[in-house]
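Where a number appears in this text, it was derived from the coordinates with a stated rule and is not lab data. Not measured: the values here are computed from a predicted model. FYI the Cβ positions are ideal-geometry reconstructions off the backbone, even for glycines, and counts take in every protein chain you see.
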Amino acid sequence: MAKYLIIGASTGIGNALATQLAAAGNEVFGTYNKTSPSNNPPLISFHPLNVLDESISLDFLPATIDGLIYCPGSINLKPFARIKPEDFVADFNLQVVGAIKTIQAALPFMKESPNASIILFSTVAVQSGLNFHSQVSTSKGAIEGLTRALAAEFAPKIRVNCIAPSLTDTPLAASLLNTEQKKEGNALRHPLKRIGKATDIANMAEFLLSTKSSWITGQILHVDGGMSSIKL
């Protein structure tokens, strides 16, 4: 039985991944901040954690874990001129500094794992350049750089990879998909003509945690319905 820590496991992609990992017989330690979980399924335990706190504690973990997945994020799409510098800082603190603090706190728990893996999340907007995405692209661009740097530093003991989705039907993107017209319009922008599901991303994350991906590290993997590489 492998043991995994998922930061932000109560909703969206984090919850889908926690459910899949537990269904496969793994033990999951999930954290939540504002959205407390509605149930407590077998093999998943939930713990309150705010990554914006000055210091964070992972004292609820066992001596060894096999993977860390950092899911917190935000999508604030505004014209660049309307975004205050402090808004960039707040977003960076959540998406980048929070990840850094969590990884540093989790490293002692991962050193004895035979298949340790860290998964971070970016966005298709970093490589594609999309209107009104300057705030999220700034933070997620830093995450992509962090992924490659840590993959080099932690090799060969800990693999570090990053998943870069396109628009996915989760609570985080609710305001972008709150009408059928918006859903249809966004689906048509993708070569595969549909919006991503949380399970689409969770499937890739589950693969990256497994021994099936044991020769993969330092990669930015695009799970985006073809958005980043295909122009129709």
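Distances between every pair of Cα atoms in the range 1-75, grouped in 5 Å steps from 0 to the bin holding the largest one, split as 3, 17, 31, 27, 15, 6, 1 percent. Counted by Cβ distance under 12 Å from residue 43, the other residues give a net charge of 0, where Lys and Arg count +1 and Asp and Glu count -1. How far is helix 98-110 tilted off the main Cα axis of the chain, in degrees rounded to 10, range 0 to 90? For helix 98-110, the angle is close to 30 degrees. Length gained on full extension, residue 53 to residue 174: 40.9 nm, using 0.36 nm per residue less the C-alpha separation. Between amide H atoms placed 1.01 Å from N, distances below 5 Å from residue 223 occur with 164, 166, all of them 5 or more places distant or on a separate chain.
Normalised by the number of residues in the chain, what is the relative contact order in percent for Cα pairs under 8 Å and 6+ residues apart? Intermediate results must be reported in sequence, preceding the final value.
Numbers: 429 pairs, mean separation 47.5, N = 232.
So the answer I get is 20 percent.
Summed over qualifying helices (DSSP H, 4 residues or more, each -39500 (n - 2.57)) and divided by its residue number, the chain shows a 222 nm mean residue ellipticity of -10500 deg cm²/dmol. Toward the positive end of the charge dipole of the chain, with +1 on the Cβ of Lys and Arg and -1 on the Cβ of Asp and Glu, the farthest Cα among 38, 166, 199 is that of 166. Sites listed here are GluC sites (Glu not before Pro) in the range 93-177 whose DSSP assignment is loop and whose Cβ has at most 14 other Cβ atoms within 10 Å: 112. The phi torsions of the range 81-97, fed into the Karplus equation with coefficients 6.51, -1.76 and 1.60 and a -60° offset, translate into couplings of 5, 9, 9, 6, x, 5, 5, 4, 5, 4, 5, 4, 4, 5, 8, 10, 5 Hz, rounded to whole numbers, with Gly and Pro shown as x.
Phi angles across the range 116-125 convert, under the Karplus curve 6.51 cos²θ - 1.76 cosθ + 1.60 with θ = phi - 60°, into 3J(HN,Hα) values of 6, 8, 10, 10, 10, 10, 10, 8, 4, 5 Hz, Gly and Pro given as x. Once the mean of 1/r is taken over each pair of separate Cα atoms and inverted, the range 97-232 shows a Kirkwood hydrodynamic radius of 16.0 Å.
For the range 155-232 versus the range 79-136, the inter-centroid distance based on Cα atoms is 15 Å. Using 0.36 nm per residue and subtracting the Cα-Cα separation, the extra length available between residue 80 and residue 35 on full extension is 13.3 nm.
The slack between residue 132 and residue 115, meaning 0.36 nm per residue of separation minus the straight C-alpha distance, is 2.2 nm. The C-alpha atoms of the chain occupy a region whose extents along the principal axes are 47, 37, 36 Å, arranged from largest to smallest.
What angle do you read, to the nearest 10 degrees and between 0 and 90, between the alpha-carbon axis of helix 198-209 and the longest principal axis of the chain? On a 0 to 90 degree scale, this one is about 40.
I need to check one value: relative contact order of the range 5-115, counting alpha carbon pairs closer than 8 Å and at least 6 residues apart, in percent. The normalised contact order for the range 5-115 reaches 28 percent.
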